[in-house]
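Rule-based calculations on the coordinates, nothing more; no lab input. Just so it is clear, the model here is predicted, and its values are computed rather than measured. No Cβ is skipped: glycine too gets one built from the backbone with ideal geometry, and neighbour counts run over all protein chains shown.
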Amino acid sequence: MELKKIVQDLRVTEVNRLNKRHVVLELLAPEKFPLILPGQFVQARVEDSPSTFLRRPFSIHSVDYKKNTLRLLIQIKGPGTRHLSELQTGDHLNLIYPLGNSFSLPFTKDVLLVGGGCGVAPLLFMAQFLSQHNIRPTILLGFRTSEEVSEIETYSAFGKVLVMTDDGTEGEKGLVVDHSVFQRERLEFKKIYCCGPDAMMKAVAKIARMHKTDCEVSLENTMACGFGVCLCCITPTDKGNERVCVEGPVFNIKRLPWR
Amino acid sequence: MELKKIVQDLRVTEVNRLNKRHVVLELLAPEKFPLILPGQFVQARVEDSPSTFLRRPFSIHSVDYKKNTLRLLIQIKGPGTRHLSELQTGDHLNLIYPLGNSFSLPFTKDVLLVGGGCGVAPLLFMAQFLSQHNIRPTILLGFRTSEEVSEIETYSAFGKVLVMTDDGTEGEKGLVVDHSVFQRERLEFKKIYCCGPDAMMKAVAKIARMHKTDCEVSLENTMACGFGVCLCCITPTDKGNERVCVEGPVFNIKRLPWR
Amino acid sequence: MPDLSVHIAGMHFKNPVTTASGTFGYGDEFLDFIDLERLGGIFVKAVTGKNRDGNTYPRMAETSSGMLNSVGLQNKGVDHFCREIYPRIKNFNTHIIVNVSGSTIEEYAEVAGRINELEKIPAIELNISCPNVKLGGMAFGTVPAMAAEVTAAVRKVYKKVLMVKLSPNVTSITDLAKAAVDGGADVITLINTLLGMAIDAERRRPVLSTITGGLSGPAIKPIALRMVWQVHKAVRVPIIGLGGIMNSTDAIEFMLAGASAVQVGTANFIDPAISVKIVDGIASYMERHKIKEVSELVGALRTEL
Amino acid sequence: MPDLSVHIAGMHFKNPVTTASGTFGYGDEFLDFIDLERLGGIFVKAVTGKNRDGNTYPRMAETSSGMLNSVGLQNKGVDHFCREIYPRIKNFNTHIIVNVSGSTIEEYAEVAGRINELEKIPAIELNISCPNVKLGGMAFGTVPAMAAEVTAAVRKVYKKVLMVKLSPNVTSITDLAKAAVDGGADVITLINTLLGMAIDAERRRPVLSTITGGLSGPAIKPIALRMVWQVHKAVRVPIIGLGGIMNSTDAIEFMLAGASAVQVGTANFIDPAISVKIVDGIASYMERHKIKEVSELVGALRTEL
Ligand SMILES: Cc1cc2nc3c(=O)[nH]c(=O)nc-3n(C[C@H](O)[C@H](O)[C@H](O)COP(=O)(O)OP(=O)(O)OC[C@H]3O[C@@H](n4cnc5c(N)ncnc54)[C@H](O)[C@@H]3O)c2cc1C
Ligand SMILES: Cc1cc2nc3c(=O)[nH]c(=O)nc-3n(C[C@H](O)[C@H](O)[C@H](O)COP(=O)(O)OP(=O)(O)OC[C@H]3O[C@@H](n4cnc5c(N)ncnc54)[C@H](O)[C@@H]3O)c2cc1C
Ligand SMILES: Cc1cc2nc3c(=O)[nH]c(=O)nc-3n(C[C@H](O)[C@H](O)[C@H](O)COP(=O)(O)O)c2cc1C
Ligand SMILES: Cc1cc2nc3c(=O)[nH]c(=O)nc-3n(C[C@H](O)[C@H](O)[C@H](O)COP(=O)(O)O)c2cc1C
Ligand code: FES
Ligand code: FES
């Protein structure tokens, strides 16, 4: 398999409406996938409407090389995600993929994945990938409320799942950083992979730093191209401004000026 | 019934694909129609795409006050008409209607309707209207080729239909002005109503002037609003620049500076 | 119910939503669609000294998220306006503001003077920015000294509220705004259309008879917002903002950038009831954000980090 | 097969389709998507004297049929370009043209002088029009005398083809074009982005860290076409046209208006293979219209009635 970016029409083969705000799309590629790594993303071309002039970035939620399908988890935010959420089986979606770097392989088996909101999307793929390397991570997932808790069985195939909800209607109550795994004196994990809203990632990074635990985060950003040419998506790092779409979206928190 | 313009979502109740380039849409209004006259048109809001920012004007092809439906005959030209041609039963279409003036009632029973291309659209409604006033017009319809000849039975209910095709594959061959009805020394009609491409209307107007026959034409134009406020759609008349969407689309050729 | 009323140069507007000149006729064309009373005001079509036929057909071209027009100030002249149109519209229960255009300083002053006599017209908007007339218009709007001169000449004969509408086709919109204020403008309106062009590649011809025309619609909104923001920081008179406003969010953006009121233009063609929907949208935004008076929004953009 | 080649200021281009600076990286980012050989040329990202970090996040806002950016000339400086990037890209079988930027006349001249030494770079494009840098940039592009001065200073040190890219944020684009030609420009490129602004009404904040930014995409095409047309009538040097080109029809419109070649910018973000599709689209237009040489299209707009 080669590491090559492609622009391609994929066919929607399954639409799984998880709840009012979340949909999982399964997309079938017309030819064999290139190598795709966990943490990478796609740039999806939404219908040609004035308010969706640019493509929209989405993490790859999972990949099935045998069926040649990949999945996207879409959280409805604005016109672009609304349109995607209304796609039907048989429709086509144009993607540029795979984009960006990826989560690194850990040098430990004590791995924690932390996700919140649509930030849970890349963690399923990462869990799948870790399991191929015989690592069973703990997976801490934060949701708004019990109605949005979903795909738990899918995650459970690859690791132990802990659930939190903002309102306590399922699992522990509060933000992910309030979870009891973080409240112990010594953190039982040697590596954390985290994806979610900025504030959440910063809070997790703070705990990781406190415990001197290695931690990678997958950053969001506003992107125009997604493949490194527009320089719109930069984030400050120890090497100056770097592109989230090429040098990221995954960064080790050591490289970020977060305090 | 009152003469009032409305903005309304109508439901597509029937889609009749006449041939590759023409579709008839039947649209159901949610409330009782206002008074609609033959020659009037609608402004249709096409999906929100960058190239269909403005509404698109279409003549009213026929009206059924009992069922509260109207029909549009759409000829595919560009993105707007393509989109309309792809509408499905159950979809909605937002219209501003009824717009413009109308064909006048003739003071004679010797009436000829002449239409070419999508210009046949308002003539069906006019024929229907004339029949309510016990007038059976002759209806001369020009098409590109036999494959595009359509709805002849529908017209035949209201008058005698003469067909011409550019390539002679059905009816007489050539442009409508080449038809044998125009070749006699004395024209057997006292009133002509005409709608079609500019060149066709000018040619018909020339014959009408030659025979001193009263003649009304329905002009096309590029419209932004369709209800008289933008002044984009003017045409020179004996009263200076007039709005095709309000003072027209129907003009008596006496009022136009055509020579 | 939040308070939507605004005060601009001593005038009281029910709400900050008005309609743009040249896109709303004389208002009565909209009676089938909306209740004109619900608008803050109506800016009627440009009035010039004499009858003008405008440019020849075609006058319109659609563009990505916008349109070009080259109407060219077609109107029947100020006499006709005062005699025929004014009596027909003067009793609408909203501010009727006349857009005054011309080719010479004398013509501007003449029209303004005539409109000054019309009791129910509380203000005029001096259009020194129309790109679609050969003589004058845009020239006045692109050279600060000329903008000041024409404004001052009108100021002498016009005793009520004087608004000056600026052209965006300039290097420094703030210089033009300052010149208009120096000339005596009470209010600055911006923006008029941007000069653009459309070509029919198949026919290898310009789409408009005039080759170039004025660009309006959402395509120009980012430029309009920027100019409102720049002028808001540069002058002290109130601003009426427009350019591509399609919904209440757009309208609120203009107010945050510094506009005391907005005009809805091209959007009227797409939805003739949009202006009133924008009034309602602003009200619900204010409720959601717990804003009591709409004037709190004016220039309220937070730029600190 | 129609002849797509064009000659511009003594340079031979395979075809009139090139890619715009800042939207195509250094070209190699597109190797997965297209065969760079098929392009007329590539205008690489702006190069300045020293390393620049550009502006802080956020740098991008989507608008109706367009986008705003405030990248701010982020690049590692001319040294790094000559050492690291030039060797990597110099053997692409297409013209590589460097976009030269700066804050002072000295900086422009310094960078141009360094690029002059690079054998495989046949031309530079002087960017006197970037709206996203505080010092310089746009100032040079909006005052004719300064445009002439910076062009002349670069002309002294740069011996190959000198292109000057103009800003559309001016009252008279022809004055700027004439000034650049007087200063020694061989080719005029237009347009760069229009200065715009986006506001997030919910947060009541500007979307961009810099408040204003440069507008690109189809929204600006009518303005760009108009400027190409105006400049084509005003100066005798060849023009490279751009602004909102999304497909081959758009490209042909620019050529009809007077551009000898075009650049594809923002469209590359939406379809990274679009530039090559535009080459093919121009070829089939020419076949359909029985045009043998693409240069027949340049300025071929029919304006007689
Ligand atoms: C690398 C990457 C991976 C992503 N993966 C996923 C995913 O797997 N699933 C998913 O649902 N979403 C994901 N997102 C976010 C997703 O791209 C945006 O939600 C989407 O683009 C919004 O488009 P819209 O048209 O629906 O809303 P818009 O109208 O564009 O935006 C709605 C709101 O969301 C905010 N917003 C939009 N885009 C971003 C962004 N990139 N970063 C921060 N705020 C933004 C806007 O400011 C606005 O307030 C990802 C983003 C990035 C950069
Ligand atoms: C009063 C009126 C009544 C009409 N009635 C009908 C009807 O009943 N059925 C029907 O199929 N069409 C009718 N038309 C024409 C129809 O409005 C256009 O074909 C349609 O707007 C094209 O939209 P589009 O997006 O498909 O193509 P566009 O991309 O907008 O245009 C495609 C081509 O058609 C030309 N064109 C577009 N609009 C017009 C116009 N108004 N006049 C002349 N040329 C134009 C353009 O220059 C372009 O070359 C009518 C037009 C008017 C003004
Ligand atoms: C068809 C049309 C006619 C116009 N006529 C005038 C006019 O007579 N006087 C004037 O000052 N502005 C005129 N304008 C400009 C508008 O008032 C407004 O400034 C511009 O369209 C930008 O706003 P918008 O994008 O909301 O339409 C006209 C605009 C259009 C589209
Ligand atoms: C993200 C981005 C970065 C840009 N960077 C540069 C630049 O470095 N130098 C330059 O001359 N123009 C730059 N431009 C302007 C483009 O080259 C082009 O002039 C402009 O985008 C209009 O063309 P378009 O609408 O086809 O994109 C940039 C544009 C964008 C969108
Ligand atoms: S989105 Fe263009 S460089 Fe990252
Ligand atoms: S289309 Fe606006 S006046 Fe006729």
Item to check | Square roots of five times the Cα gyration tensor eigenvalues for the protein assembly as shown, Å | outcome: 51, 36, 33
Checklist entry - What spacing in nm lies between the two simple spin-label points modelled at C:A9 and A:N19, each 7 Å away from Cα in the Cβ direction? => result 5.4
Checklist entry - How many Cβ atoms of partner chains, on average, are near each residue of C:66-72 if near means within 10 Å of its Cβ? => result 5
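Pull out a ≥ b ≥ c, the square roots of the eigenvalues of the alpha-carbon gyration tensor of chain C, then state rounded if a/c is under 1.5, prolate if not and a/b is larger than b/c, and oblate in the remaining case.
On the way: a/c = 1.29, a/b = 1.17, b/c = 1.10.
Because its axes are fairly even, with a/c under 1.5, chain C counts as rounded.
Have a look at the DSSP beta bridges in the protein assembly as shown and tell me what percent are antiparallel, nearest 5. Please list the in-between numbers first.
Values: 110 of 212 bridges.
Given both bridge residues lie in the protein assembly as shown, the antiparallel proportion sits at roughly 50 percent.
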Checklist entry - Cα centroid distance between the range D:38-108 and the range A:216-236, in Å? => result 17
Next on the checklist: Quick check for me: using +1 on Lys/Arg Cβ and -1 on Asp/Glu Cβ, what's the dipole size of the range B:6-99 about its Cα centre, in debye to the nearest 20?
Outcome noted: 320
Item to check | R0 of 22 Å, Cβ-Cβ distance A:R82-B:K4: FRET efficiency to nearest 0.05 | outcome: 0.05
Checklist entry - Each label point is 7 Å from the Cα along the Cα-to-Cβ direction; what then is the distance between the points at A:S180 and D:E296, in nm? => result 8.2
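Averaging sequence separations of C-alpha pairs under 8 Å and six or more residues apart, then dividing by the length of the range B:111-218, give the relative contact order as a whole percent. Before the final figure, lay out the partial values.
Numbers: 196 pairs, mean separation 29.9, N = 108.
It comes to 28 percent, rounded to a whole number.
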Checklist entry - Could you give the longest part of chain A that holds none of the chymotrypsin sites (Phe, Trp or Tyr not before Pro) found in DSSP loops with at most 12 neighbouring Cβ atoms within 10 Å? => result A:108-259
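Normalising by the residue count of chain C, find the relative contact order in percent from Cα pairs under 8 Å and 6+ residues apart.
Working: 735 pairs, mean separation 61.5, N = 305.
Reported relative contact order: 20 percent.
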Next on the checklist: Using 10 Å bins from zero, what percent of all Cα-Cα pairs in chain B falls into each bin?
Outcome noted: 7, 31, 38, 20, 3, 0
Checklist outcome for this item: The size of the Cβ-based charge dipole (Lys, Arg +1; Asp, Glu -1) of the protein assembly as shown about the Cα centre, to the nearest 20 debye, is 1060
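Determine the shielding of peptide C:39-47 by partner chains: average, over its residues, the number of Cβ atoms on other chains within 10 angstrom of each Cβ.
Numbers: counts 0, 0, 0, 0, 0, 0, 3, 0, 0.
If you average over the peptide's residues, the count of other-chain Cβ atoms is 0.
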Next on the checklist: Need one number: nm distance between label points at C:E287 and D:A145, each 7 Å from Cα along Cα→Cβ, rounded to one decimal.
Outcome noted: 5.9
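Looking at the range C:204-246, which trypsin sites (Lys or Arg not before Pro) are DSSP coil and have at most 14 other C-beta atoms within 10 Å of their C-beta? Please report the intermediate quantities before stating the final value.
On the way: sites: C:R204, C:R226, C:K233, C:R236; in loops: C:R204, C:R236.
Those that pass, being in a loop and sparsely packed, are C:R236.
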Checklist outcome for this item: Copies of B:D198 compared via label points 7 Å along Cα→Cβ give distances in nm, shortest first, of 5.4
Checklist entry - Among the DSSP beta bridges whose two residues both lie in chain C, what percent are antiparallel, rounded to the nearest 5? => result 40
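Please work out the FRET efficiency for the pair C:E106 and C:R83, using the Cβ-Cβ distance as r and a Förster radius of 22 Å; give the result to the nearest 0.05.
0.55
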Checklist outcome for this item: With the dipole of the protein assembly as shown defined by +1 on each Lys or Arg Cβ and -1 on each Asp or Glu Cβ, the option from B:A205, D:P144, D:S70 whose Cα lies farthest towards the positive pole is D:P144
Checklist entry - For the protein assembly as shown, what does -39500 (n - 2.57) per DSSP helix run (n ≥ 4), summed and divided by total residues, give at 222 nm, in deg cm²/dmol to the nearest 500? => result -6500 deg cm²/dmol
Item to check | Part-to-part distance (alpha-carbon centres) for the range B:126-197 and the range C:229-305, which is given in Å | outcome: 54
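In the range B:111-218, what percentage of the DSSP-assigned beta bridges are antiparallel, given to the nearest 5?
Numbers: 0 of 23 bridges.
Percent antiparallel among DSSP bridges in the range B:111-218 is about 0.
If the only charges are +1 at each Lys and Arg Cβ and -1 at each Asp and Glu Cβ, what is the size of the charge dipole of the range B:111-218 around the Cα centre, to the nearest 20 debye? Write down the numbers at each step before the final one.
Numbers: 12 positive and 14 negative charges, 130 e Å.
Around 620 debye, computed over the range B:111-218.
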Item to check | Shielding score for C:199-208, defined as the mean number of other chain Cβ atoms within 10 Å | outcome: 6
Checklist entry - Given the range A:1-126 reduced to its alpha-carbon atoms as identical point scatterers, what log10 I(q)/I(0) does the Debye formula return at q = 0.10, 0.12, 0.15 Å⁻¹? => result -0.30, -0.43, -0.68
Checklist entry - Which is the longest part of chain B that has none of the GluC sites (Glu not before Pro) sitting in a DSSP loop with at most 16 other Cβ atoms within 10 Å? => result B:87-169
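With respect to the cross-link table entries B:K77/C:K50; C:K233/D:K221; A:K202/A:K239; C:K178/D:K156; C:K156/D:K233; A:K32/A:K254, which display a Cα-Cα separation exceeding 31 Å?
B:K77/C:K50; C:K178/D:K156; C:K156/D:K233; A:K32/A:K254
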Next on the checklist: Taking A:S131 in one copy and the same position in all the others, each labelled 7 Å out along Cα→Cβ, what are the pairwise distances from the first, in nm, shortest first?
Outcome noted: 6.9
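State which stretch of chain D is the longest one without any exposed GluC sites (Glu not before Pro), exposure meaning a DSSP loop state and at most 15 other Cβ atoms within 10 Å.
On the way: sites that count: D:E117, D:E119, D:E202, D:E304.
In short, D:1-116.
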